[in-house]
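First the structure, in the form of structure tokens, and then the observations on it.
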Amino acid sequence: MSLMIFDSIIILFGIIIIIYKFLLYPKIRLIQKKRKYGDKIKVIHHFGPGLLVEYKKSYIQNKDSLSFLRQMANQNGNNIQAYTFNIGTSVGYSFVDPDLIKLVHQNHEAFQKIDVSQAIAYLFLNLCYLQQVKASRSRANSQENLSTMMKLKTIFHQSKIFAQKSPIGQAKSCNEITIEEIIDNFCALFIAGTDTTGNMTGAALYFLSLNPKIQEEAREEVMQIIKQKTNSSDLKELYNCLQFEDLAKLDLINSIFKESLRLDPPASGVLPRISKQDIKIGQFEVKKGDLVNTHFIYNQSNPKVFINQGQINPYRWMKGKEQANVFNFTPFPQGPRNCIGQHLAMIEGKSILINFLLNFDIIPIPQKEVKYETKVIYELQPDELVYFRKRNN
Ligand code: HEM
């Protein structure tokens, strides 16, 4: 009997700890922050998945996972510099004030980037490697307890792409790169560089389909450069006579991409980091272990920063016009850990867009309900929003 009472007490104690840790602790910490920072901070709290619930709610209500942030930016007279949230039992800050964003990015050593291997694995599993993953699983020894990421890496190791000249992980000298490092770098560049650039270009095509006048001007901008080089009307020849240096002369097309990145940034913020130490960001006290990120879409939707923020207006960027504070527009972050592929992304995007402009009219598919969804990246949905009509040049 006394053993049963003892068991019950242990179970009850366990339940109280779980309720406190999962339900009460994050809520209490967020309320404390609100008390401390008043209207400078907004609290987003949901039990369980926390912030992710807010994304889902925004998507269901407004067809935009980040409408809560856009609305926050649009509230008259607001003074918000950050919002604070929970994800499960963890509590975090997301900074939206440009000067605080700057402080986070400049102090990058205070923060540990989170392991995104699961997200990467998810992408791979759903894309081209599904078949190989299945094959590798069936080969795998049941005693093996590798993470999904390791399994994916194994696929690369076994593939013919990386004919193994040196044993995995063993560099012959400190100047030699290992196969392991090549694979890690390949994964990083492949993941960071494909869907982001693809979605940026896709969004630009969609915005141009809605604005035939801007589309025609962009086509004209390309033709102006081409006309100085050839009289040919052969489309392939027209495209091929463009050279790398010409891309820098395309002021309108460059501005179209910037406007597209403002309205629909493929990365709407940086990935959350974990604070390695207690640190102050402006007046906000970040504790060791707290999550920290910065969200760009807030400033990019802020009417005080961008007049008529909801309108597509590439002309606001033309002739090198930039924001007075560069941290108001950071689709490729600023600071020491900014995007190393940003120039490549713009070169790729411009090359693709020019090809489309020369060959096709870009037309919106009528009656499509457009949504903005955060998957691994922030993207327009559904996939088919435009169609292309061959031009008779
Ligand atoms: C429109 C296209 C792109 C966008 C919007 C974009 C955006 C970003 C963002 C927001 C980050 C910071 C992530 C964070 O700190 O949590 C980042 C980092 C990075 N990007 Fe990009 N990116 C694009 C294209 C590319 C391309 C084409 C490559 C390479 C081929 C690339 C390689 C990287 C790498 C390696 C990092 C990590 C840098 C570091 O941590 O030091 N990105 N990018």
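Observations on the model:
- One decimal place: the segment His343-Lys304 gains 11.2 nm when fully extended, by the rule 0.36 nm per residue minus the C-alpha distance.
- Candidate aspartates and glutamates - alpha carbon under 14 Å from Lys227, same-chain residues fewer than 8 apart omitted: Glu237, Asp246
- Packing-based ranking of 262-270, 338-346 yields 262-270, 338-346, ordered from highest to lowest mean Cβ neighbour count within 10 Å.
- Within the range 40-68, backbone nitrogen closer than 18 Å to the virtual label 7 Å beyond the Cα of Glu285 toward Cβ: 40-42
- Entries in Lys56/Lys102; Lys33/Lys276; Lys40/Lys102 that, when Cα-Cα distance is taken, lie over 23 Å: Lys56/Lys102
- Cα-projected label distance for Tyr315 with Ile11, points at 7 Å along beta-carbon direction, nm: 7.2 nm
- Those lysines that a straight Cα-Cα span of less than 16 Å connects to Lys63, excepting residues fewer than 8 apart in one chain: Lys368, Lys371, Lys375
- Qualifying aspartates and glutamates (Cα of each under 17 Å from Cα of Lys42; at least 8 residues distant if same chain): Glu54, Asp97, Glu285, Asp290
- Förster radius 41 Å - calculated FRET efficiency between Lys63 and Asn355, Cβ distance, rounded to 0.05: 0.85
No lab work stands behind these numbers, since they all come straight from the coordinates. Every value quoted in this text rests on a predicted model; they were computed, and no experiment measured them. Cβ: placed from backbone, ideal geometry, glycine included. Neighbour counts: every protein chain shown.
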